[in-house]
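Student: Before anything else, here's the structure in question.
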Amino acid sequence: MKENQSKNSSSKEKDLEKNTQCPHGKTMTTNQGQKVNDTNNSLKAGERGATLLEDFILREKITHFDHERIPERIVHARGSGAHGYFELYESQEKYTKAGIFTDTTRKTPVFVRFSTVAGNKGSADLARDVRGFATKFYTEEGIFDLVGNNMPIFFIQDAMKFPDLIHSVKPEPDRDIPQAASAHDTFYDFVSHTTETLHNQIWVMSDRAIPRSFRMMEGFGIHTFRLINAEGKSHFVKFHWKPLLGVHSVTWDEAVKIHGADADFHRRDLWDAIEAGQYPEWELGFQIIPEEDEHKFDFDILDPTKLIPEEMVPVQRVGKMTLNRNPENFFAETEQVAFHPGHVVPGIDFTNDPLLQGRLFSYTDTQLSRLGSPNFAEIPINRPVNEVHNNQRDAHMRMTINKGKTAYFPNSIGGGCPHLAKMAEGGFTSYEERIDARKIRERSESFNDHFSQPALFYRSLQPWEQKHVAEAYTFELGKCTYDHIKQRMLYILNQIDEDLANKVANGLGMQIPDSVDGPLNQAIGADADVEKHQPPKKKNYLDKSEALSQTHLENKGIVSRKIAALVSDGFSHEDFSEMKKYLENNGAEVTIVATHGGTVTCSENKDHKVGAALLTTESVLYDALYIPGGKKSIDALLDEAKAKKFINETLKHCKAIAIDNEAEELFDATYGKDFKDDEAVFINKSAEDFAKAIANHRNWDREDQAKSIPA
Ligand code: HDE
């Protein structure tokens with residue numbers, strides 16, 4: 001079985017090797033293979049003469065350069081990818097005949113791309129935004145793409161509204177401002193007139209929209225899909241990814257500062273973790289709904305703005321994905337990868353979710369303009385590991401040399417090949433859903449309720465999470481300039497939760513209006529009838545869903561957490577080495593942050609490599625702070641304003657801090673003196689206690705008091 005696994009796991013790697021090139025030890029050539037002996041000077045008529053047109057080496061180099069760019073994705077432009085594999089725990093044959101979900105001996109190769117949605121390719125990673133979580137499974141039966149997000153619901157119910165949604169969140173078209181931000185008038189103009197957006201919108205106001213790491217996010221397929229078993233029986237399914245590191249976020253204040261300190265924060269984190277062998281892992285979960293239960297819920301399972309609470313339908317964990325290899329080339333792999341929710345394999349099928357149906361069109365269409373040709377499926381990162389044979393031919397950049405006279409079916413000259421798959425060979429057949437309907441351009445009444453689930457989400461959060469939601473709304477609406485838009489939002493928030501609306505109204509210095517209905521709403525044709533979308537009271541089916549809080553998943557200790565050790569020359573070797581050993585033995589990474597670069601000397605006169613000089617780094621790039629003793633070191637740090645800022649900010653962001661011996665003097669010279677009893681502040685305590693606090697991510701109980709720190 002082992003041999004089989006390793007064979008399968010490398011099938012995509014082997015496939016990619018055919019196109020992977022290494023220049024090591026090779027001579028430079030042109031694209032036509034002529035050896036090049038000068039790539040610095042163009043061919044000229046005389047020493048100072050004009051450049052000659054015949055210089056094909058220059059022409060080729062410049063021409064290729066001129067055409068290096070392709071259009072970036074219209075949404076999800078900024079992303080980071082990684083290779084890995086998926087392993088199944090137990091056969092799911094009672095639900096599906098798909099090989100990846102029935103054959104436990106397989107190690108299916110995957111390529112995953114994480115992304116933000118609104119920003120350009122060069123925008124900052126920590127924008128408040130939904131994150132894309134797209135997985136390409138290279139299965140033996142062809143490609144299966146699970147193109148999901150890190151939130152379980154979407155903004156809109158019908159694909160028809162997608163261009164409106166995206167146009168409203170993108171930079172405003174007259175001035176192309178703001179980049180990668182939803183905090184502006186056009187977005188809230190749209191949202192406040194389209195109440196179906198509210199559920200996803202409130203998730204975006206939560207900390208889920210500013211993750212600590214791609215490795216610490218959940219993933220969701222969002223739509224209800226179908227699984228079909230060998231007998232042709234269908235079950236509805238919702239797909240979930242559960243990160244083994246737990247779900248964690250940064251604070252908004254950190255996010256803003258990370259923008260400046262390291263705009264590539266998430267991209268770097270993913271890359272570094274994989275290089276360090278700390279492979280990110282997620283378990284794949286199914287929420288299974290039998291066909292006969294389709295109408296058992298107080299909402300429509302085809303409505304992509306609704307989630308099925310895990311308390312109502314538990315998530316069954318069926319397998320694990322591990323990301324263990326960084327791409328060789330960003331453009332060739334991460335940029336050219338083309339996902340499509342319509343790439344499914346036998347055993348998986350669609351439902352009539354009107355958002356999903358629209359996506360089935362969009363994703364091929366977009367590759368045609370982005371990658372330039374219907375041959376995008378031949379690009380190495382996109383091609384399946386099984387063989388492809390059909391009668392499709394030609395078009396830009398065709399790579400395959402198709403032999404033979406026939407490119408049509410049926411044919412006798414080509415022996416009828418490629419022949420059709422016999423049923424037993426696993427040809428794809430669509431689920432035979434019975435359809436008896438009128439053609440209508442309408443929204444189903446079963447999609448009407450826009451308020452129960454945003455309210456359920458808010459109610460289910462921990463108090464600190466709720467506080468962050470209120471602050472996020474206050475920030476975002478505070479950036480809007482039109483009062484009527486803010487008022488409308490306050491009115492709507494009041495339908496979700498009165499306390500939330502009051503907090504935001506206070507922050508904005510505005511009153512919650514009694515009504516927002518007016519001639520304008522009708523005149524602009526908005527779906528503005530808030531009453532129509534109110535849930536009947538009985539529809540508040542759950543008081544709370546624990547799984548909606550970030551805290552519901554277990555943490556995996558301190559693996560891959562980053563701890564800054566703040567020092568200068570003369571720091572205590574004894575303190576430091578003990579702490580470092582414990583933290584590193586438990587999988588964390590300790591970085592020496594010193595008053596200068598190069599090396600720093602400890603009390604035992606040993607040189608230690610500096611990870612970052614104070615000048616080049618910021619507290620927001622670390623999960624926790626440790627300051628060892630050593631009088632000389634502490635005296636030097638006392639003279640550094642940035643050292644004090646580092647401590648104050650770490651406190652403000654509710655992170656764990658450990659200090660030993662003389663370091664207490666430095667701590668007392670900061671706002672730290674008021675936080676000595678804090679449960680995540682450790683003065684001369686064990687490394688084990690410190691590590692427990694780091695694993696808990698933050699001490700949110702500190703937040704109110706830490707608010708007064710002007711860092
Ligand atoms: Fe996408 N979406 N989307 N989307 N989407 C794209 O396809 C679209 C939606 C998602 O890393 C585009 O190749 C429409 C939901 C991800 O390459 C485009 C609608 C969900 C990615 C497109 C939706 C997603 C995309 C742009 C409404 C979560 C990035 C580039 C009907 C379930 C994939 C591309 C990557 C990318 C269209 C709604 C997730 C234009 C029309 C819902 C993760 O085709």
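Values quoted throughout were computed directly from the atomic coordinates according to the rules given, and no laboratory measurement underlies them. Values in this document were obtained by computation on a predicted structure and should not be read as measured data. Glycine gets a Cβ as well: all are built from the backbone with ideal geometry, and neighbour counts include every protein chain shown.
Student: What percent antiparallel are the DSSP beta bridges of the chain, to the nearest 5?
Tutor: Looking only at bridges with both residues in the chain, the antiparallel portion is about 75 percent.
Student: Between Lys439 and Lys645, what is the spin-label point distance in nm, taking each point 7 Å from the Cα along the Cα→C-beta axis?
Tutor: The answer from the label model is 6.5 nm.
Student: Return a whole-number percent for the relative contact order of the chain, with Cα pairs under 8 Å and 6 or more residues apart as the contact set.
Tutor: Reported as a whole number, the value is 12 percent.
Student: Name the residues of region 204-248 whose amide N is less than 18 Å from a point 7 angstrom out from the Cα of Phe475 along the C-beta direction?
Tutor: Residues passing the 18 Å test: 204-214, 248.
Student: Follow-up. Listed here are the pairs Lys107/Lys320; Lys562/Lys707; Lys170/Lys503; Lys606/Lys631; which of them are more than 22 Å apart at the Cα?
Tutor: Lys562/Lys707; Lys170/Lys503, as the Cα separations exceed 22 Å there.
Student: For the ranges 146-154, 702-710, what's the packing order if you count other beta-carbon atoms within 10 Å of each residue, average per peptide, and put the highest first?
Tutor: The most tightly packed comes first, giving 146-154, 702-710.
Student: Here is a further query. So which chymotrypsin sites (Phe, Trp or Tyr not before Pro) in region 1-101 end up in coil per DSSP with only 15 or fewer other C-beta atoms within 10 Å?
Tutor: Tyr89
Student: Then there's this: Using a simple spin-label model with points 7 Å from Cα along the Cα→Cβ vector, what separation in nm is obtained for Glu172 and Asp394?
Tutor: That separation, rounded to one decimal, is 4.9 nm.
Student: On to the next question. For Arg383, Arg78, Arg59, what ranking results if the residue with the fewest other Cβ atoms within 10 Å of its Cβ goes first?
Tutor: Arg59, Arg383, Arg78
Student: Related question: Would you mind classifying region 54-185 by shape? Square roots of the alpha carbon gyration tensor eigenvalues, ordered a ≥ b ≥ c; an a/c under 1.5 is rounded, otherwise it is prolate if a/b is larger than b/c and oblate if not.
Tutor: Oblate shape, in that a/c is at least 1.5 and b/c is the bigger or equal ratio.
Student: Can you give the FRET efficiency to the nearest 0.05 for Asp38 and Glu68, using r as the Cβ-Cβ distance and R₀ = 25 Å?
Tutor: 0.70
Student: Another question, if that's okay. Sort 685-695, 622-632 by packing, meaning the average of other beta carbons within 10 Å per residue, with the highest value first.
Tutor: Per-residue Cβ counts within 10 Å, averaged per peptide and sorted highest first, yield 622-632, 685-695.
Student: Kindly put Cys654, Cys22 in sequence by how many other C-beta atoms sit within 10 Å of each C-beta, fewest to most.
Tutor: The order, fewest Cβ neighbours first, is Cys22, Cys654.
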